[in-house]
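Chemist: Starting off with a structure, shown below.
Each reported figure results from applying straightforward, stated rules to the coordinates on display, with no laboratory input. Just so you know, these numbers come straight off a predicted model, no measurement behind them. All Cβ positions, glycine included, derive from the backbone under ideal geometry; neighbour counts span all protein chains shown.
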Amino acid sequence: MQGKNGIHKAKITLKAHVADWRYGHPSRELFVVLVVGQDGAVGTIAFLASILRAAGNKVGVVTREFVEIAERRVEGSGKTGVSGNPFKLQSLLAQMRRAKCEYVLVEIPPELPMHQFAGIKPTMIVVRRCGDSYSDSITTAAQVAILNNVLARKPQFVVLNKDDPSAPDLSKMSAQEGMITFGENKKADCLIKNVQLHPKGSAVDVVIDHQTTLELTTVLAGRQTIYNAVAAATAAYALRADIKAIEDGIFTTAQQPSWFEFLPVQRPYKVIIDDAHTPNGLADTLEALKHFATNRLIVVYGAPLGVLPAWRHAVGEIIGKFADRLVICDGEFLPQQNPKEIRQQILDGVNLAGGEAKTEEIADRRAAIEKAISIARRGDIVVIASSAKCQYRQLGKERASWSDHKIIEEIFG
């Protein structure tokens, strides 16, 4: 017999098929690309959308942060609720079909929704990154299982990160015939070479099938950006996009809020906001910034909801290793969670990395940001890490309006 969870899941799945029927099976007339990644899914979507537009296509985008239909941002789309409402998702696909979009790019949340995209026939699934080098085996296995359910949608193409810690498990689950890989691994179909990182942009060469070289340049910074751009270029190449369109699309992708974003403060030090929240993503960001800094790296960190309990200790070790000064504050927490305990779990990791003497604990996030900026000196980089992209924070039962960008603007007048 099915348990209550099994029955609920069956109902949601049936509801998804009904929604697909209700809106006339829109995904059957669209090239649907599902993008999954613990970090980088939205960045990959932005690059791929830009490439497809450069190739002359109309594109629809569905993420947890926003929805775009043929380059038009849908009002209030930050509250799309795709994770829980298959009717809303199918309605958006139907609108994109009416707008004559050829491609629809959809972000897969880290936790697969109950409807598991039933009723949608994807053309392609792009795996930006599934595993995490700092995660325990149970957490990684859970992510692999989730992705296995996504791959069961039987896409025509699977784009896989060959450098993903879970790549061996994923390649066993993926159909070999339609799979194309990318990464620095020498066995990757799209091989990353000659990476150049700079605070004002990044560049990389990608060698495809040992013969075709793409020269990708972007105004966005950071190692995460390189992987997002290469994932998008690999997907576009599999979709037979023109080489020039791929290179032009990568170059014209605009800076997005919270992606390794250098803020325009007129000071002898730099302030950046970055949204990476997984251990791997945060390590990539801080390692790159350590390379750019001419003096100290000052980090403000508060764990958002996306940071799993199993990650908190590892995150503490990472920021304790890379930061020269560190301020730990509250990020987000649910009603049943104790924010002081969350901070302490992070601090335990910091202390293990030998970072206790350089660390302050200030629960209030604004006060923590003000403290970090007050101690900044010439050549320093102040990192407001793991900032929420949405314009609110979950503080127990309260959903408080919040913007790190606005706080920085107020501090600097």
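Chemist: Provide the net charge surrounding residue 368, with neighbours chosen by a C-beta distance below 10 Å and charges set as Lys +1, Arg +1, Asp -1, Glu -1. Intermediate results must be reported in sequence, preceding the final value.
Modeler: On the way: positive: 365, 366, 371; negative: 330, 360, 361, 364, 370.
Net charge around residue 368: -2.
Chemist: When the chain is modelled as a GNM with alpha-carbon springs shorter than 10 Å, which of 260, 182, 66 fluctuates the most?
Modeler: The residue that fluctuates most here is 66.
Chemist: For the range 4-252, give the magnitude of the charge dipole about the Cα centre (Cβ charges: +1 Lys/Arg, -1 Asp/Glu; no others), in debye to the nearest 20. Intermediate values should be presented prior to the final figure.
Modeler: Working: 30 positive and 24 negative charges, 208 e Å.
Dipole size: approximately 1000 debye.
Chemist: Further question: List, in order, the whole-Hz ³J(HN,Hα) value for each residue of the range 154-170 obtained from phi through the Karplus relation with A = 6.51, B = -1.76, C = 1.60 and θ = phi - 60°; use x for Gly and Pro.
Modeler: Running phi through 6.51 cos²θ - 1.76 cosθ + 1.60 with θ = phi - 60° gives 6, x, 6, 10, 10, 9, 10, 6, 5, 8, 4, x, 9, 3, x, 5, 5 Hz.
Chemist: Here's something else I'd like to know. For the range 162-294, give me the percentage of DSSP beta bridges that are antiparallel, rounded to the nearest 5 percent. Before the final figure, lay out the partial values.
Modeler: Values: 16 of 18 bridges.
Taking every DSSP beta bridge within the range 162-294, about 90 percent pair in antiparallel fashion.
Chemist: Straight-line reach from residue 58: which lysines have Cα under 17 Å away, leaving out those fewer than 8 places along the same chain?
Modeler: 100
Chemist: Straight-line reach from residue 340: which aspartates and glutamates fall under 17 Å, measuring Cα to Cα and dropping same-chain residues less than 8 apart?
Modeler: Hits, sequence-local ones excluded: 330, 332, 348, 356, 360, 361, 364, 398.
Chemist: Have a look at the DSSP beta bridges in the chain and tell me what percent are antiparallel, nearest 5. Can you show the working numbers first?
Modeler: Working: 25 of 68 bridges.
DSSP beta bridges in the chain are roughly 35 percent antiparallel.
Chemist: Within 10 Å, count the other beta carbons around each residue, average over each peptide in 233-241, 67-75, 162-170, and list them highest first. Don't jump to the answer; show the numbers that get you there.
Modeler: Details: 233-241: 22.4, 67-75: 15.7, 162-170: 19.6.
Result, highest mean Cβ count within 10 Å first: 233-241, 162-170, 67-75.
Chemist: Considering only the other residues whose Cβ falls under 14 Å of the Cβ of residue 246, what net charge follows from Lys and Arg at +1 and Asp and Glu at -1?
Modeler: Numbers: positive: 53, 240, 244; negative: 205, 215, 242, 247, 248.
Every neighbour counted, the sum reads -2.
Chemist: Once the other residues with Cβ under 10 Å from the Cβ of residue 305 are scored (Lys, Arg +1; Asp, Glu -1), what is the net sum?
Modeler: For residues surrounding residue 305, the net value is 0.
Chemist: Given +1 on the Cβ of Lys and Arg, -1 on the Cβ of Asp and Glu, and no further charges, what dipole in debye does the range 261-411 carry about its Cα centre, rounded to the nearest 20? Can you show the working numbers first?
Modeler: Details: 20 positive and 21 negative charges, 51 e Å.
With Lys and Arg at +1 and Asp and Glu at -1, about 240 debye.
Chemist: Nearest-5 percent of antiparallel DSSP beta bridges in the range 261-411?
Modeler: Rounded to the nearest five, the antiparallel share is 25 percent.
Chemist: Residue 121: which aspartates and glutamates have alpha carbons under 19 Å from its alpha carbon, excluding same-chain residues fewer than 8 sequence positions away?
Modeler: Within the straight-line limit of under 19 Å, residue 121 reaches these aspartates and glutamates: 20, 29, 102, 107, 177.
Chemist: Ranked from highest to lowest mean number of other Cβ atoms within 10 Å per residue, what is the order of the peptides 12-22, 356-366, 397-407?
Modeler: Numbers: 12-22: 17.2, 356-366: 15.2, 397-407: 13.4.
For the peptides 12-22, 356-366, 397-407, the packing ranking is 12-22, 356-366, 397-407.
Chemist: With label points built 7 Å along Cα→Cβ from the Cα atoms of residue 209 and residue 187, find their separation and express it in nm.
Modeler: That separation, rounded to one decimal, is 2.1 nm.
Chemist: With unit charges on the beta carbon (Lys/Arg positive, Asp/Glu negative), name the residue among 310, 217, 403 whose Cα is farthest towards the positive pole of the charge dipole of the chain.
Modeler: Result: 403, furthest along the dipole toward the positive end.
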